[in-house]
1. How big is the chain along each principal axis, measuring the range of its Cα positions in Å and listing the largest first?
2. What is the extension gain from Lys103 to Tyr135, computed as 0.36 nm multiplied by their sequence separation minus the C-alpha to C-alpha distance, in nm to one decimal?
3. Report the net charge of residues surrounding Ser279, where surrounding means a beta-carbon distance below 12 angstrom and charges are Lys +1, Arg +1, Asp -1, Glu -1.
4. State, as an integer percentage, the relative contact order of segment 9-329 based on alpha-carbon contacts under 8 Å between residues 6 or more apart.
5. What is the distance, in nm, between label points placed 7 Å from the Cα along the Cα-to-Cβ direction at Leu123 and at Leu167?
6. How tilted is helix 116-129 with respect to the longest principal axis of the chain? Cα atoms for both, answer in degrees (0 to 90, nearest 10).
7. With θ set to phi - 60° and the Karplus curve 6.51 cos²θ - 1.76 cosθ + 1.60, what are the ³J(HN,Hα) couplings of segment 292-297 in order, to the nearest whole Hz, using x for Gly and Pro?
8. Over the residues of segment 17-121, compute the C-alpha Rg and express it relative to 2.2 N^0.38 Å.
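Here, each number is a calculation from the coordinates, and none is a lab measurement. Note that the structure is a prediction, hence the values are computed from the model and not measured. Glycine also receives a Cβ, built like all others from the backbone with ideal geometry; neighbour counts cover every protein chain displayed.
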Amino acid sequence: MLVKGQACPACSNPALQSSEKLEAGLDTLEAGSFRLTMNVTSGSNYQGGHPNSKGLNDNGVIITTPLHQHTVSLDFLRTEINVEYTFKTNWSLWLRVPYDIKKQEASVDFTEQATELEKQFILNNRDIHHRTETYAGLSDLRLLMSHRINGFLGKNGRLDMAFGASLPIGKTEENPLVAGDNGLKHLHIQFGSGTFDPLFELHYANSITAKTSLALYTINKFPFYSNQLNYKSAVETTSGVSIGHRISDWLSARGTLASFSQGYAKWNGENDPNSGLVSFNGNIGLTFYAPDGLLLSPGYRFPISQSTLSKEGDTFEYGATFLLNVSYLF
């Protein structure tokens, strides 16, 4: 079976609910307030790979070879700057600016015996699909307008509703499936969709006791048209529930259960077999309350389960992921 590449939903959308959204307090947003947040997500040893029986000869022609395994690992670092400005009581603008670094390592495990020439053709084919390289750049920005409703489902309840769109500044790639069939070098990792995609978010928090709070959230992207390269990105939803407990005046702890679902992306109207994922994650974190409105929130995310929509495609299995949110209210 020939699998044509890897997708990485985990690094294209590593979003879990920002701790500062949950920990900043159940209060009214005053006009003129300004919050700056830096979210850092670091993932290591995300594992991918698939069996393959193709090679690329010196004439650039795809040929059949002995069975072997493409083995790929990924480390990534996402630094996202979030700017929130309240222009009217409980009405705010959110701007998210992500910068991604994705380090990929690729190798081949020879399952069946191959000659030295066949091995070279196998490596040639690997190198057009996966390479040991580092990719870096800005990903698509996200701009939303939010409205806060205080007293929602209880006097201490708070609901933030946000609508907006992604801003397509991230680098896009040409059809990798066609390139792979033609023996051409290509890249499956994209930094942007090339389209303005509608966004919708809900963030709800309420106190259970004087020191314990419940939070629910959902973060959604709904692409509805293709970019100039005939690529339509996938619908994505990140949702979760968390429980937080205030340990002291300067420290709280929170545990979160979150799901990430991604539908099929499409090339020229056809499903990309390397897209489509449903995963569940756990997250544990602390928030330190420093003076003057500064919040520091380190966390650790761990995989629980994941499954792909296509049996023919391939995606990275989650590895260890570390989180850090630093937030300051001006």
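1. That works out to 71, 38, 29 Å along the principal axes.
2. Once the chain is fully extended between Lys103 and Tyr135, it gains 10.9 nm.
3. -1
4. 17 percent
5. 4.5 nm
6. Roughly 30 degrees between the two axes.
7. The phi angles translate into 6, x, 8, 10, 10, 10 Hz.
8. Here the answer is 1.90, to two decimals.
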